[in-house]
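Visitor: Okay, here's the structure, questions in a sec.
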Ligand SMILES: CC(C)(COP(=O)(O)OP(=O)(O)OC[C@H]1O[C@@H](n2cnc3c(N)ncnc32)[C@H](O)[C@@H]1OP(=O)(O)O)[C@@H](O)C(=O)NCCC(=O)NCCS
């Protein structure tokens, strides 16, 4: 995620969350170097989704993930999470966690697919709606079971009828590992390449 993506990110953020993050929060997050990893999915120059991850020692915390309403159920979120997991493995992260609204069954289904399991509740975490958060963890993200899960998700995306090139960019620091550079088919009927791009505040 770069500065130039933020108008598109905020457009999606404002439509996706009752208490959206401000421009200032995103700017602050993407300026924090390797402890924050933010990715965007783009279609041409249009931002159609994004995902953030906070890195604390060997834990990755998914901070947010959202997809443009016009591009839902086409595998964009799966692609973003696959990318986040790839980066997490590259950063030697062992376990991943997140909070999700107890009522958000759609997001929970997505997370279950990646091996996240519910481990607890944060009461009234979402104060504006008096709603509890489900705390989910995916332990040992590099286990063969979890790797197989992600390979399955990736191959299912691969069975879609349209093939597009996906290029994962580098993570947020200049000394980051090289681009992942893999090619994956894109689910759905998008007619352009979807790119997931790592965080960098420079542009
Ligand atoms: C949750 C969200 C990111 C999913 O994005 P998406 O690109 O539509 O998701 P994908 O197409 O990659 O689907 C991934 C999985 O999510 C689940 N899912 C997605 N949309 C669904 C729907 N309408 N109904 C049921 N399950 C759904 C499914 O398990 C799906 O896998 P499957 O297609 O193999 O069944 C999107 O709905 C969104 O932006 N929601 C608003 C923001 C939000 O709630 N974010 C999560 C905060 S914790």
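The values are calculated or read from the model by the stated rules, or taken from the named source; none is laboratory data. None of these values were measured; they are calculated from a predicted model. Neighbour counts run over all protein chains shown; Cβ positions are idealised from the backbone, glycine included.
Visitor: Taking segment 28-45 as the search range and keeping residues that are exposed (fewer than 15 other Cβ atoms within 10 Å of the Cβ) and either without any contact (Cβ under 8 Å) to a residue 24 or more places away in the chain or in contact with a helix residue (DSSP H, G or I) (Cβ under 7 Å, 6 or more places away or on another chain) (or both), which one is farthest from residue 77 (Cα to Cα)?
Guide: The selected residue is 28.
Visitor: Among the candidates 148, 105, which residue alone is farther than 15 Å from residue 81 by Cα and under 20 Å from the mean Cα position of the chain (by Cα)?
Guide: The match here is 105.
Visitor: Further question: Considering only residues that are modelled with pLDDT under 50 and within 16 Å of the ligand (Cβ to nearest atom), look in segment 141-167 and name the one that is farthest from residue 36 (Cα to Cα).
Guide: 161
Visitor: What are the residues in segment 1-22 that are more than 16 Å from the ligand (Cβ to nearest atom), without any contact (Cβ under 8 Å) to a residue 60 or more places away in the chain and loosely packed, with under 14 Cβ neighbours inside 10 Å, if any?
Guide: Across segment 1-22, the qualifying residues are 7, 22.
Visitor: Still on this structure, please answer the following. Restricting to segment 1-48, name every residue that is on the phi > 0 side of the Ramachandran plot and assigned to a helix (DSSP H, G or I).
Guide: 33, the sole residue that qualifies.
Visitor: Additional query: Got at least one residue in segment 24-35 being closer than 22 Å to residue 134 by Cβ and at pLDDT 95 or above?
Guide: The answer is no, given that none of the residues of segment 24-35 is closer than 22 Å to residue 134 by Cβ and at pLDDT 95 or above.
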